[in-house]
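Undergrad: Here it is, the structure, as structure tokens.
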Amino acid sequence: MSIRSPFVVVMGHVDVGKTLLLDKIRGTSVAYREPGMITQHIGVSFVPWQAVERFAGPLVDKLRLRGKIWIPGFLFIDTPGHAAFSNLRRRGGSVADLAILVVDITSGLEEQGVESLKLIQSRGVPFIIAANKLDRIYGWKSVENRPFLFAVEQQEWHAIATLEEAIGKLIDQLSRFGIEADRYDRVRDFSKQVPIVPTSAVTGEGIADLLLVLAGVSQRFIPREKLSVSYGPAKGVVMEVKEERGLGVVADVILYDGVLKKGDVIITAGIDGPKETKVRMLIMPKPLDEMRDPEDRYMAVEEVKAAAGVRIVADGLDGVVAGAPIFAVWDLQDIQKVVQLVREEISEIKIETDREGVIARADTFGTLESMVLFLRQQGVPIRRADVGPPTHKDVVEAVLSRRKNPTYGVILAFNVKIPPEVEREAMSSGIKIIRGEILYRIFDEYIKWSQEVKT
Ligand code: GTP
Ligand code: MG
């Protein structure tokens, strides 16, 4: 048994600086880590704690964290966004151990920031807030990579006043969602208040603070069992399935426990249920110092230990859906047991009942699960929930459901296209289709429509 680095996911509204923030953190870790200890991943960036300590030394001492950090570092998941976050699903929660909700300090919490917040909360993931674009506070004097705590001491009063006003506004907004938050150095009880760390992805100010707050929150709020990894068959989740030139269909997978080996039997899932295959190749990026030709960035490896991000090459991966669990099997007698486990997990997400309710459709297991969780929280009954574009059968089911209650004659479609023939059929049967990329917008539209139907 050993302790792995926590997975951290970055969320927030468009253009708040998620990508740049990750780039900055990654750049910092590359610059400050010791040569030789490079671990590269697919879709994940590893930031060793030792690099953080070197980068943020004076702040580590000021906050009295030296010698107190036992996590090996952080694994930042490189694909920010709420659909990607949904696909990090794992039975009973998320593969993400922590989230950073990024907001633009000059504009506060925006629409997709709220969506992110709701998703993070629905999966029970602890989070912190990065109030980014600090350098855009009027009159702020920047020094590259300076910790926020040191920077704030050096500002003119009017810059401080503008900063405080912006933070105050953000705290206010968050309180409307039932969240108590404060500037991180003023938080008294981290179990009740969410820390806000002002950052700039351009100047690097506050990045040190962000990493240290992450470390503190990791050690206090991630259950230790969740960070324990053992030597056994790998467990993970499929993040993305895609066609790669020369390799066929590959799966990018996040492994959170165990060891995955070339030749392992793996069980994962497609729309129709569990799928069994065998790992033909495991692919990782080459270490940075060996990466000469950008065309030749990857290498095959024999095995990968959790926690990690890895690309799997295997037959029959086409049809595997993002958000599906993926489990390796070492003892072939266990295959049926694991297949059954995957089947049960999938049937918890896909719903098919005789009770009346709405029809839900989403593009992946992850987004479908988020949608089901959300609708249930709002008290909306579901008759059928499935992955992929709506079909003829959905329209038929919606018509049946409507007999009981007219507000159930609806198909809610998240991140999927509507085939024209289904659209026509729905139209002629009087079934409403509500489509969108933002969950609570779909829900709001549904509520509005159902009120119209009732009157
Ligand atoms: P999406 O992926 O489109 O949702 O955006 P994002 O959140 O990844 O934002 P991204 O990192 O692409 O940054 C968006 C814009 O904001 C870019 O023009 C960045 O240069 C700028 N930006 C990001 N962070 C900062 C910051 O801290 N300060 C300033 N001044 N500009 C920033
Ligand atoms: Mg981005």
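The values are calculated or read from the model by the stated rules, or taken from the named source; none is laboratory data. Since this is a predicted model, take the numbers as computed values, not measurements. All Cβ positions, glycine included, derive from the backbone under ideal geometry; neighbour counts span all protein chains shown. Accessible surface is based on the protein model in full, side chains and every heavy atom, while ligands, DNA and RNA are left aside. Shrake-Rupley method; radii C 1.70, N 1.55, O 1.52, S 1.80 Å.
Undergrad: For the range 167-180, indicate whether the set of residues that are away from ligand 1 (no atom under 14 Å from the Cβ), farther than 24 Å from Leu212 by Cα and either buried (at least 22 other Cβ atoms within 10 Å of the Cβ) or over 25 Å from the mean Cα position of the chain (by Cα) (or both) is non-empty.
TA: yes
Undergrad: Being in contact with a helix residue (DSSP H, G or I) (Cβ under 7 Å, 6 or more places away or on another chain), open to solvent by less than 50 Å² (accessible area, probe 1.4 Å) and more than 16 Å from ligand 2 (Cβ to nearest atom) narrows it down to one residue among Ala131, Ala151; which is it?
TA: Just one listed residue meets the conditions, Ala131.
Undergrad: Go through the range 2-40 residue by residue and tally those that are within 23 Å of Val125 (Cα to Cα) and more than 16 Å from ligand 2 (Cβ to nearest atom).
TA: Counting residues in the range 2-40 that are within 23 Å of Val125 (Cα to Cα) and more than 16 Å from ligand 2 (Cβ to nearest atom) gives 6.
Undergrad: Now for a separate question. Is it the case, given these coordinates, that Thr199 is of a type in the set (S, T, N, Q), more than 16 Å from ligand 2 (Cβ to nearest atom) and buried (at least 18 other Cβ atoms within 10 Å of the Cβ)?
TA: Here the answer is no, as Thr199 does not meet what is asked.
Undergrad: Out of Arg188, Arg183, report the one residue that is touching a helix residue (DSSP H, G or I) at 6+ places or on another chain (Cβ under 8 Å) and of a type in the set (Lys, Arg).
TA: Matching residue, one of Arg188, Arg183: Arg183.
Undergrad: Then there is this: Go through the range 246-265 and give me each residue that's open to solvent by 10 Å² or more (accessible area, probe 1.4 Å) and part of a strand (DSSP E or B).
TA: Within the range 246-265, Gly248, Val249, Asp252, Tyr256, Asp257, Lys261, Val265 meet the criteria.
Undergrad: List pairs: first in the range 1-19 and closer than 26 Å to Gln219 by Cβ and open to solvent by 20 Å² or more (accessible area, probe 1.4 Å), second part of a strand (DSSP E or B) and of a type outside the set (Lys, Arg), Cβ under 6 Å, 6+ apart or cross-chain?
TA: Met1/Ser228; Ser2/Val229; Lys18/Val10; Lys18/Gly12; Lys18/Val102
Undergrad: For the range 58-107, enumerate the residues that are open to solvent by 10 Å² or more (accessible area, probe 1.4 Å), away from ligand 1 (no atom under 16 Å from the Cβ) and farther than 30 Å from Val321 by Cβ.
TA: Matches in the range 58-107: Pro58, Asp61, Lys62, Leu63, Arg64, Leu65, Arg66, Gly67, Lys68, Ile69, Trp70, Pro72.
Undergrad: Can I ask one more? Output the qualifying pairs, or none if there are none: Cβ atoms under 9 angstrom, residues six or more apart or on different chains, first residue in the range 409-438 and farther than 17 Å from Glu115 by Cα, second residue surrounded by fewer than 13 Cβ atoms within 10 Å (Cβ to Cβ).
TA: Short answer, once both residue conditions are applied: Gly409/Arg403; Gly409/Gly430; Glu421/His392; Val422/His392; Glu425/His392; Ile433/Met427.
Undergrad: Restricting to the range 108-139, what's the tally of residues that are closer than 17 Å to Tyr440 by Cβ and within 11 Å of ligand 1 (Cβ to nearest atom)?
TA: Residues meeting the conditions: 4.
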